Amino acid sequence: MRERALYLLKTYLLTVVIFIIAKPVFMIYNSASHPFTFTDVIDVIYHGLSLDLSTALYFLILPFLLMVVSLFWKKLNIIATILKVYWAIVACAFALAFVADTSLYDFWQFKLDSTCLQYLEAPSEAMASVNRLYIAVRVCAFIIVVRWIYKAYMFLVRALRTASPLPTDRKSAAYGLLVALLLVPVFIVGIRGGLDESTTNIGQVYYSQTPFLNHSAVNPVFSFLSSFEETASYIPDYHFMDESERASLMNGIYPTKSIDPDTLLRNQRPNIIVILMESCGGIFTEDIGGRKDIMPNLNKLTKEGVYFANFYANSYRTDRGTLCVWSGYPSFPRSSVMKMPAKVRFLPGIAKSLLQEGYKTSYLFGGDINFTNMRSYLVTIGFERFHWLRDYSLEEQKTAEWGVRDDITFATLYDEVKRFEPDSHYLIGYSTLSSHEPWDVPTHRLKDEVANAFNYLDGCLGDFINKVKATPQWDDLLIVLLPDHGYTYFGVGEEHAMHDHVPMLWLGGAIKEPRRIEQLCNQTDLPATLLGQLGIAHDEYIFSRDILSSNYTYPFAVHTYNNGITMKDSTGFVVYDLNANRLIVDDSKDGNLLIRRGMAILQTASEHINNLGTQK
């Protein structure tokens, strides 16, 4: 019995040690963009230990049960064989979690969770951000880690195989079973994380104002497994407050009618192009980020059109941001509404609204338009025709990892504009893709590969605008430029207000005059603001505000990222972490009131989406 108890104890401690070793490896790999000190490593290990201790118990359950079985069934060789297979599976799972978590953090800036599975529906698109060498190195790392972990567990299993046989009398077996039963509460309490009301959760290891250190302390295996519970019903029921407080905080902040809006356009029925610039955060521009060298064309164009100087992204992913722009619908921390066809069919869309006004609608994208359920969503909200990856030659399809590079698709867009007929009205949506990992663009004007990719996008944009200006279609054209989301770079992450401060610019001959709009606003406000300029009702866009209307009296911007909320208004800026359940940034006169309003918005949106389509 003693040998079996020691085997369980040693196995448990080995698992905890494996989890601990993974933390400094994770930190060292990501140190280029997230510097840290030796003291930080110690703090990360210390604060993350409670979660590691609980998580390790999950993987001790089967060995524990097998040890109980061995009290009555003396064939240790067979039990050892079962353990050998079990630890092989566990070693593969651990290695996959560690390698994936360490590698993906640089792209996602959050810990491994079930979000990654959403992208396996289109593996070729998911792999487009990296090259073959990158994949090969990770595969080799996976194999090495599997081998190391498996050999460590097998060392303990071999010692068990040679353990002394247990006494065969019933008294000894009963004694062993009693000890095992007494250990069951230890497992339950240990996995639960104690006897308090709160159970084991990611937030318990958060201790720093630096998100990277908090993330480093999180056990990636626990993070991945626990995320399934939160996303099982697509949108969690975010319930932060009672109905009276929620209603009070939401009162009047989302007006759905336009009242005497400021007029930006020369006529109410221009042809419209909405260009979503991939990852184009304001940090790459002069007005927001102070960078004159990266996007000089966009910097210059802000003086020629209507520039929205305090415009903020709602989300951190393309599928989320695209839906925010076109449907004026909020984003959620860990769920993608675009992937929910049963809900999407009830959402409004700019294209659908303009179809009813006689517009012809189309969408242009150089990548796979089926990725993240994009085609289904775009069809549902009113787009009639698509030009995407498969409509280009095989040679053009291979010009970039994600598909057709931007200079080629901008040329397609130019050809579409030239085909506009005088007596028809057109809406074109267009998503660029070259300003995305792995930054494989054909120009090399800047040494920094990320900045160079946005410089390339800027060059494509500048060439397109110059060519369209020379066409007769320019006089009746409105071009709306905005990004799908911001981007973490130059040390600016979600904890910085600048991260989601992005440019929005309206250009074209349909503009009355150059303007600078200072109103604080969100991507979700585009539908109501645009439709308000066109004199089209937008009552169904219940989370979209016409920021040029006289009833837009409370300017604010809300943003969600992976299990977090940011909120900004005239009183300041706050960031709330839903894992830690606390403010991690409070740069406001009244941070509690500001984040309670952000919570009220998230609670209202979650109730709405969960009830959407279920009303009788």
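The values are calculated or read from the model by the stated rules, or taken from the named source; none is laboratory data. Model, not experiment: these values are computed from the prediction. When we count neighbours, we look across all protein chains shown, and the Cβ atoms used for this are built from the backbone with ideal geometry, even at glycine. Ligands, DNA and RNA are stripped out before the accessible areas are found, and what is left, the full protein with its side chains, is counted by its heavy atoms. Shrake-Rupley method; radii C 1.70, N 1.55, O 1.52, S 1.80 Å.
Evaluated at q = 0.09 Å⁻¹, the base-10 log of the normalised Debye intensity for the chain, with identical point scatterers placed on the Cα atoms, takes the values -0.77. The phi torsions of region 23-34, fed into the Karplus equation with coefficients 6.51, -1.76 and 1.60 and a -60° offset, translate into couplings of 5, x, 4, 4, 5, 5, 4, 9, 5, 4, 9, 9 Hz, rounded to whole numbers, with Gly and Pro shown as x. Extension gain, TYR414 to MET250, is 54.8 nm, computed as 0.36 nm per intervening residue step minus the present C-alpha separation.
Heavy-atom accessible surface of THR488, to the nearest 10 Å², is about 40 Å², with a 1.4 Å probe and all protein chains retained.
Excluding residues fewer than 8 places away in the same chain, name every one of the lysines whose C-alpha is closer than 16 Å to that of LYS469. Excluding near neighbours in sequence, the set is LYS300, LYS303, LYS418, LYS512. Note on LYS84: lysines with a C-alpha under 20 Å away, same-chain residues under 8 apart excluded, are LYS10, LYS74, LYS75, LYS151. Largest first and in whole Å, the equivalent-ellipsoid semi-axes of region 39-108 read 33, 16, 8, each the square root of five times a Cα gyration tensor eigenvalue.
Output the pairs from LYS111/LYS343; LYS23/LYS111; LYS568/LYS589; LYS339/LYS398 with a Cα-Cα distance over 18 Å in this structure; if there are none, say none. Long pairs (Cα-Cα over 18 Å): LYS111/LYS343; LYS339/LYS398.
Once you sort the root eigenvalues of the Cα gyration tensor of region 340-489 as a ≥ b ≥ c, which label holds: rounded (a/c under 1.5), prolate (a/b larger than b/c) or oblate (the other case)? In terms of gyration-tensor shape, oblate. A simple rule links phi to the HN-Hα coupling: the Karplus curve 6.51 cos²θ - 1.76 cosθ + 1.60 with θ = phi - 60°, which for region 324-337 gives 4, 5, 7, 9, x, 10, x, 9, 10, x, 10, 10, 10, 5 Hz, with x for Gly and Pro.
Rounded to the nearest 0.05, the FRET efficiency derived from the C-beta distance between LYS512 and ASP242 at R0 = 35 Å is 0.15. Could you look at region 300-393 and say what percent of its accessible area is carbon and sulfur, using a 1.4 Å probe and all protein chains? The computed percentage sits at 51. Atom-type composition of the exposed protein surface of region 532-616 places 48 percent of the accessible area on carbon and sulfur (1.4 angstrom probe). Of all DSSP bridge pairs formed entirely within the chain, close to 50 percent run antiparallel. As a fraction of the 1.4 Å probe accessible area of region 417-488, surface on carbon and sulfur atoms comes out at 48 percent. Classification of region 512-613 by its C-alpha gyration tensor yields an oblate form. The axis ratio a/c (a ≥ b ≥ c) is 1.5 or more, and b/c is at least a/b. Each Cα pair under 8 Å and six or more residues apart adds its sequence gap; the mean of these over the residue count of the chain is a relative contact order of 20 percent.
For region 13-20, putting each phi into the Karplus relation 6.51 cos²θ - 1.76 cosθ + 1.60 with θ = phi - 60° gives couplings of 5, 4, 4, 4, 4, 4, 4, 5 Hz, in residue order, rounded to whole numbers and with x for Gly and Pro.
With R₀ fixed at 30 Å, the C-beta to C-beta distance from GLN268 to ALA309 puts the FRET efficiency at about 0.75. With each label modelled as a point 7 angstrom along the Cα→C-beta vector, the PHE72-ILE259 pair spans 7.6 nm.
The C-alpha atoms of region 409-553 occupy a region whose extents along the principal axes are 46, 41, 26 Å, arranged from largest to smallest.
Calculated accessible area for the chain comes out at 42 Å² per residue, all protein chains present (probe 1.4 Å; ligands, DNA, RNA ignored).
Compared with the alpha-carbon gap, the fully stretched path from LEU6 to ASN551 is longer by 189.1 nm at 0.36 nm per residue. Here the spin labels are modelled as points 7 Å beyond Cα on the Cα-Cβ line, and at GLU421 and ILE21 they lie 7.0 nm apart. Here the chain is treated with +1 on each Lys and Arg Cβ and -1 on each Asp and Glu Cβ, and its dipole about the Cα centre works out to around 2460 debye.
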